[in-house]
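Take a look at the structure below.
No value in this document is a laboratory result; all are computed from the given coordinates. Just so you know, these numbers come straight off a predicted model, no measurement behind them. Every residue, glycine among them, receives a Cβ derived from its backbone with ideal geometry; neighbour counts consider all protein chains shown.
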Amino acid sequence: MSEKHLSKPDFTISQKLWQIHWTFIFLLCVMAGIGAALLYSAANGNMEPWASKHLARFLIGLIGMLVVILIDIRIWLRYSYIFYFVSLLLLASVEFIGTVGMGAQRWINLGYFSIQPSELMKISIILALARYFHSGNLDDYTRIRFLIVPAVLVLLPAVLVLRQPDLGTALMLIMASTVIFFLVGVRIWIFFVIFLSTIIAIPVAWQFLHGYQKRRVLTFLNPETDPLGSGYHIIQSKIALGSGGLFGKGFMQGTQGHLSFLPEMQTDFIFTMLAEEFGMVGGAGLLGLYSMIIIYGMALSLSCRNQFGRLIGAGVVSTFFLYVFINVAMVMGLVPIVGVPLPLISYGGTAMLTILFGFGLLMCSWVHRDVIIPQRGIDDL
């Protein structure tokens with residue numbers, strides 16, 4: 001398919017399907033398959049209760065992803081603020097109608113299923129920031145006044161998420177947004193001032209942390225102070241990681257996981273179970289697949305000729321990277337435990353669908369990479 005066809009305002013569904021990088025889709029399917037296999041092992045050789053639902057959710061998400069890809073990128077531009085404010089409204093409603101789970105009020109029960117608005121916000125904030133910065137230029141990005149609005153767009157959901165409380169998701173929102181700020185050319189000294197202010201504010205912020213959050217930080221610094229309480233998770237995780245050795249104990253042969261020493265092995269600590277059963281080689285192989293997806297995705301996003309598409313792609317890939325980095329670092333004891341799942345591997349519906357929605361936007365940006373989007377005058381689209 002020539003670029004001449006792609007530069008037209010409208011092109012057919014078959015042309016869009018032809019432009020999709022199916023190798024990238026295949027990598028996502030491989031990751032979901034690995035996740036299903038690990039969940040099968042976590043259930044002692046049963047598809048229920050996790051593996052079958054994991055595959056069903058991935059299939060639903062994959063179909064939704066294809067739909068997202070086929071929608072004109074200018075539609076996503078037009079309604080990006082609406083997505084943001086709907087997500088913000090859902091996030092605020094958690095305060096009043098949210099259900100409590102695992103010590104935090106994060107979910108909204110819709111009867112047959114529950115949604116976690118903070119997960120939806122991870123993509124909505126990317127759409128909102130991409131639209132805002134698309135309307136600016138290099139001179140705008142250096143003016144403090146121009147940066148006030150996107151800063152508010154980031155801080156509003158971050159504060160609401162912290163109130164749930166969910167420190168891990170709040171940090172992900174801020175860090176993924178920081179990547180977008182950096183990519184558009186915000187001056188380095190602004191990041192330095194923010195970083196320095198954050199360091200200075202740590203003693204004050206410590207006073208506002210919940211008790212369990214303080215315990216997580218103290219446990220991170222010295223897990224052995226409470227080996228049967230707050231330090232139990234990370235100690236068992238390190239034991240499982242070390243016991244796997246180079247090649248692991250074999251599929252479904254892990255002892256820490258199958259003897260119930262390893263907590264939450266189907267969600268946050270699933271990487272630990274993989275490392276115990278397949279060793280350092282298996283863990284490195286999984287990280288290699290993640291690296292391929294991240295590099296592939298960033299290459300696709302940077303190939304987009306319009307600013308909106310580039311920022312969407314870069315934001316989605318950055319969020320995906322943060323999922324992987326925080327989860328793996330968490331189970332290794334390199335960062336405090338914050339409850340971030342391993343993308344496409346861990347059991348969880350909202351996170352899975354959110355990630356696939358994000359990758360749908362990434363591929364949509366690639367398919368429509370040559371579509372000319374005016375910098376201003378969105379109403380004319």
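Is segment 175-317 rounded, prolate or oblate when judged by the Cα gyration tensor, a ≥ b ≥ c being the square roots of its eigenvalues, rounded requiring a/c under 1.5 and prolate requiring a/b larger than b/c? It is oblate, given that a/c is not under 1.5 and a/b is not larger than b/c.
Every Cα-Cα pair in the chain was counted, and those over 34 Å apart are 30% of them.
Label separation (residue 243 vs residue 292): 3.1 nm, computed from points 7 Å beyond Cα along the C-beta direction.
For residue 347, nonlocal amide neighbours, meaning residues 5 or more places apart or on other chains whose placed amide H falls under 5 Å from its own, are 267. Subtracting the Cα-Cα distance of residue 25 and residue 225 from their residue separation scaled by 0.36 nm leaves 67.5 nm.
With R₀ set to 35 Å, the beta-carbon distance separating residue 334 from residue 149 gives a calculated FRET efficiency near 0.50.
Lysine pair count for segment 3-376 with Cα-Cα distance under 27 Å and sequence separation of 8 or more or different chains is 8. Result for the chain in a Gaussian network model with C-alpha springs under 10 Å: among 89, 160, 70, the largest mean-square fluctuation is at 89.
Footprinting exposure proxy ranking of 107, 22, fewest other C-beta atoms within 10 angstrom first, gives 22, 107.
Net charge near residue 164, counting Lys/Arg +1 and Asp/Glu -1 over other residues with Cβ under 10 Å of its Cβ? In short, 0. First select every other residue whose beta carbon is under 12 angstrom from the beta carbon of residue 243; then total the charges, Lys and Arg +1, Asp and Glu -1. Residues near residue 243 contribute 0 overall. Placing a label point 7 Å from the Cα of residue 192 along the Cα-to-Cβ direction, the residues of segment 137-172 whose backbone N falls under 19 Å of that point are 142-144. Looking at the chain, do any whole DSSP H helices span at least 15 angstrom along their long axis by alpha carbon and average 0.0 or above on Kyte-Doolittle, and which? Qualifying helices, which must be both long enough and hydrophobic enough, are 22-42, 51-70, 80-97, 117-134, 144-162, 167-184, 188-208, 232-243, 270-302, 307-331, 349-367.
Note on residue 17 and residue 78: the extension gain reaches 19.7 nm, defined as 0.36 nm multiplied by sequence separation minus the Cα-Cα distance. Rounded to the nearest 0.05, what FRET efficiency do residue 85 and residue 209 have when you use their Cβ-Cβ distance and R0 = 25 Å? Computed FRET efficiency for residue 85 and residue 209: 0.30.
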